[in-house]
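Encoded as structure tokens, the structure appears first; notes follow it.
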Amino acid sequence: MHVSRRSFFRGVGAGTAAIFGGTFARQAFGQGVAPKRLLVFYMPNSSIRANWAPTGGRVVGGAGGDATQFSFGTANSTLMPAKPYLTLVDGLDQKNIGGDPHGSGIIRVMTGGTIIAGEKAKDPMAGSLGMGNLPVRPSIDQILVDQSAALKGPPIFSLQLAGDTRADNGRSDIHMHVMSYDLKVTPLPPDAEPTKTFTRLFSNIMGSSQAASKAIAEETSVLDFIKGDLNRLYQRLPADQRPKLDSHLGALREFERTLVLPAQSNVTLPPPPPVVAPNVSANHQQLLRQYFDIIKLAFQLDLTRMVTFMFASANSQVVIPGIAGLNKGIHPTAHDYAVAPLTQATAWYCDVVAKLVVELQAIKDLDGSSLLDNTLIVMFSETGQYHEFANIPVALFGGSKLGLKGGRCLRYTGQGRTMADVWTGISGAFGVPMTTFGDAAYNMGPLPELFG
Amino acid sequence: MKASNFVLSSVLLAASSGCRGTVDNPGGPGVNPNGAAGAAGGGTGLTGGGGSPSPDAVCSPATAPRVWRLSDEQFSNAVSDLFPGITVPAVVTPGRTKGELLNVAERYPVDGALASSVRTSAEAVAADAVKDLPGLLKCQAGQADAACVGAFVDRFVPRAFRRPLDATERAALLALYTAGAKTASADGVRLLIDAVLQSPSFLYRTELGTAVVSGKPTALTPYELATNLSFLVLDSLPDVELWSKAQDGSIAQPQVFTQQAARLLQTPRGRDNLSAIFLKWLGLGAGITTELDATVYPEYDDSLRQSMLGESTRFISGLVEQNGTLADLMTSRKTFVDGRLATIYGVPYPAGSTGFVPTTLPSERAGILTQAGVLVGKSRGHEIVIRGKFVRRDLFCQNIPSPPPTVNIMQFDGSGTERQQSAKRVSDSVCGACHSLMDPLGVTFEKFDALARYKPTAADGTPVDSTGQLTGTDVDGPVASPVELAARLGLSATARACVSQNMLAYALGRELTPADQCEQARVATQVEALGSHLPDLIAAIVRSPTFATRTGGQ
């Protein structure tokens, strides 16, 4: 009886086999060295400034103070369990805001400054009915994946994920639910269905059985035909249509790379998560949970080193169950200036992130340290509160092997600092020295004292 | 209503002036065909002057040669047509809103996630398809395996690829079969099917034409033409009869093409697909996804959502089947209710009935605007804005730009009733420019709650004020209810042109640009000339030479 790779995989079942993993089989050249990873969380439409503001901490470049002596606000008090691994970065602003506040905010943070804003931003693909904001530069994650040697190696160069993608977009406008743009500034929309992501990442991982060898041979034969077909079609296409197939070929190559992963690892692959309907508020917590488990596993198996994750779109329609007064969804609630539900929503997201941080701390990495030590996590919102852009919430976690110290609150209030100054610092930590990111006029260089 | 007017207002582009100062502009908001936003310029000659464009005007094609990937739904439909009875695991394109009206051809390149989704589906279908290998291959007695598989390839693959196979492809497929068949013949066929369903030749429709001469329009090949027609009308592959017309090339003859288009529109699948397009236009393509507060609307459960969707589906299907008009869509009081909807609408539901029964709506309801599915679908967040924007943008095709950079929303603190908040938005010097186009339409729905129940009095017993105003259209005037609004929409040439504009965008797989003005006007005039019946919308589009030709490209 034929055993397809997929059925083979399904047959593995929960915990019945210790599996393989590409990870560090490929790392024969560097036993005991763990990869460095970056995980970026976008927490849309948060928070409430007065309730986020920590007290104490260190005013960098000013009054000074002890970075480790600070207290959380009510909106981020749920970060407490992650405090030893965290740096709160306070006092960053968004600059040059125009056009749609959320759509422009997320693009400005991720691509650095300039966008085509507001009424001039008519997406050529969206025609007369689609409006919004267009980026003019790639996002930081894609630049780092391209330039950082530390991030190269895994079969999947970067992953774009979302906990919810609903948005009150203009028709055909996708920029509200995209946070990553490739080097050609093509939007990279996130995957929002954990079971499908699980299949994409893990279905090709299996032992070195005879069935697996046969399955790999089959996949390779099929792939050869598909690539041949793609090439034949490519030759017939006008130049402006070829990028579509370039992207398609890139996707096939990604799959091809996963096919040659060697079989070795001490990681036990769990069964696929149950199918949960995406973009349903009642499922939000479970969807995040499923994705967090997938991210942990993908990092452990070194399938990817770069993940951007939107909790929801830049126009969040999510209703977090159990939070009174949030029944219109987070974004409409921000229009209502409802302090309590917005504070609770922020605290809720901080809580899920803190739990993940603690879990990553408990997982042993290849170099004997924890997964968290080699993984830098960034969480930000594009707004300080409602639709205001001063004092946006920013927190960094983990990454001690990248030079980030925990247990700190650093303040840069009033210095004209932006997220670009965080990104340039992170870029340096990943071995890509950068003095400015995006529009040079809107950033001042890496934040002093953040790394090192 | 002169045609020139609705052309004008139906090609609105958000110009640099945004919504400002446009309220009293008879052409509608943001009219500035030569504005900075009009990438291709506005001067195609139909915005000035006047006089109706001829229904048979010959417009230059405005769509360049391209490949157009099947939508997620089309993938499922096409695979189902190739393998009837086999379950097709759904493919999901990341970033695309499920049930969205347009399958934008230049959006959503295949990424790792999508390729994985397609692979998973193709592998499952292929494994299922070979379970009954003799039934699939239909080998003749005594026929050798290889010959039989060759015949299967010749039968199956051209239909899947919607074009003849060339010798290289055929050889490659047979080689794939041979490689797989080392273990079992079924394995070989399975790999072959798996590969075909993941191939770009299956996943992309080509619109490359017969011979591209730079600068000169090119006619689609007979195969491309038949494929375009079938995906427009059936949302799937050509059926057997259409396929034969592609194979013998006769589909390129206008008479044959017209006859095939008319035939397909009359098939149950053609009618169902037309209904589905209307549901997508109304935002119901993925069902009713609005979330309501369960403490306020405890009865809002999945079965009620199914009832609501069921009504909209039956209402539109009924109109399509009876050759109803766009005015009927807006104003008809004849619909279908089940027990739960009857309660919401306050209409009798005959004792002993089950499921949906025909009903006539009370005077406060008419057409799609007061349908539960549509109203609930537009009950998110701030309803007055959402509902007003829906009417303005989706029913009049008048764009509402994003909030301008100077907007100060901090002055709106969320206090007061929805109506009071709306009044504040409309009277604000910056916000009012756009909100005066949305809110005065949205307020006319104020007597309907989020569950689409009629509530003419507020909790304190005072009558609800739902008086609004229609401006910037060809049917301006005071309106105080969705029924009054629907009556005006039923009379509006702008609204009729808007539906055909949406349909044209759907047919082209892209939003329209100024370069489409000629075709837009031609289709709208054609629809009017035919009587504005729902199937006329498709008929008017496929009659066009631009449907069958592409620009000279680069």
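The values are calculated or read from the model by the stated rules, or taken from the named source; none is laboratory data. The structure displayed is predicted, hence computed values, not measured ones. No Cβ is skipped: glycine too gets one built from the backbone with ideal geometry, and neighbour counts run over all protein chains shown. The protein model used for the area step is the full one, side chains on, heavy atoms only, and it has no ligands, DNA or RNA in it. Shrake-Rupley method; radii C 1.70, N 1.55, O 1.52, S 1.80 Å.
Roughly how tilted is helix B:268-281, in degrees to the nearest 10 and between 0 and 90, from the longest Cα axis of chain B? For helix B:268-281, the angle is close to 40 degrees. Stokes-Einstein diffusion coefficient for the stretch B:78-184 at 20 °C in a medium of 1.002 mPa s, Rh from the Kirkwood formula over Cα pairs: what value in µm²/s? Roughly 133 µm²/s, to the nearest whole number.
Among residues other than B:Thr227 with Cβ under 15 Å from its Cβ, the summed charge is +2 (Lys and Arg +1, Asp and Glu -1).
Legend: residues in the stretch B:79-99 shielded by at least 10 square angstrom of accessible surface upon adding the remaining protein chains to the isolated chain (1.4 Å probe, heavy atoms) are B:Ala90, B:Val92, B:Pro94, B:Gly95, B:Thr97.
Solvent exposure of the protein assembly as shown, expressed per residue, is 34 Å² of accessible area, with all protein chains present and a 1.4 angstrom probe. Within straight-line reach of B:Lys280, meaning a Cα separation under 18 Å, sit the following lysines at least 8 residues removed in sequence or on another chain: B:Lys98, B:Lys378, B:Lys389. Mean per-residue shielding of peptide B:384-390 is 1, counting Cβ atoms of other chains within 10 Å of each Cβ.
Hey, what angle do you get for helix B:185-198 against the long axis of chain B, alpha-carbon based, 0 to 90 degrees rounded to 10? Orientation of helix B:185-198: about 40 degrees from the principal axis. For the peptide A:380-389, the mean number of other protein chain Cβ atoms found within 10 angstrom of a residue's Cβ is 1. Sorting B:Cys139, B:Cys431 by solvent-accessible area of protein heavy atoms yields B:Cys139, B:Cys431, largest first, with a 1.4 Å probe. Given 25 °C and 0.890 mPa s, compute D for chain B with the Stokes-Einstein relation, Rh being the Kirkwood radius over Cα pairs; round to the nearest whole µm²/s. The Stokes-Einstein estimate is 96 µm²/s. The packing ranking, built from the mean of other Cβ atoms within 10 Å per residue, places the peptides A:268-281, B:532-545, A:188-201 in the order A:188-201, B:532-545, A:268-281, highest first. For the stretch B:325-336, the Karplus equation 6.51 cos²θ - 1.76 cosθ + 1.60, evaluated at θ = phi - 60°, returns couplings of 9, 4, 5, 4, 4, 7, 10, 4, 9, 9, 9, 10 Hz by residue, with Gly and Pro reported as x. Note: the stretch B:435-487, Cα convex hull, 81 Å³ per residue. Averaging over all projection directions, the Cα-based convex hull of the stretch A:322-448 occupies 9.5 nm² in the image plane.
Size of the stretch A:176-226: Rg and Dmax of its alpha carbons, in Å, are 16.0, 46.
When both the stretch A:136-198 and the stretch B:301-373 are represented by their alpha-carbon centers, they are found 42 Å apart. Interface B-A: total buried accessible area of about 6700 Å², 1.4 Å probe, protein heavy atoms only. Other protein chain C-beta atoms within 10 Å of residue C-beta, averaged over A:177-185: 1.
Backbone amide hydrogens, once placed in the peptide plane, bring A:Gly65 within less than 5 Å of A:Val59, excluding anything fewer than 5 places away on its chain. Of all lysines in the structure, those lying under 25 Å Cα to Cα from A:Lys152, and not within fewer than 8 positions of it along the same chain, are A:Lys36, A:Lys184, A:Lys196, A:Lys227, A:Lys244, A:Lys296, A:Lys364, A:Lys401, A:Lys405.
Ellipticity at 222 nm from helices only: DSSP H runs of n ≥ 4 in chain B, each -39500 (n - 2.57), divided by the residue count, give -14000 deg cm²/dmol. A viscosity of 1.306 mPa s and a temperature of 10 °C, combined with the Kirkwood radius over Cα pairs in Stokes-Einstein, give a translational diffusion coefficient for the stretch B:125-267 of 95 µm²/s. Here B:Lys182 is the anchor, and the lysines within straight C-alpha reach of less than 20 Å, apart from those fewer than 8 places off in the same chain, are A:Lys214, B:Lys131.
All distinct Cα pairs of the protein assembly as shown go into the 1/r average, and the inverse of that average, the Kirkwood radius, is 30.0 Å. Remark: relative contact order (chain B) = 23 percent; criterion is Cα-Cα distance under 8 angstrom and separation of 6 or more residues.
The spacing between the stretch B:494-513 and the stretch B:428-449, judged by their C-alpha centroids, is 25 Å.
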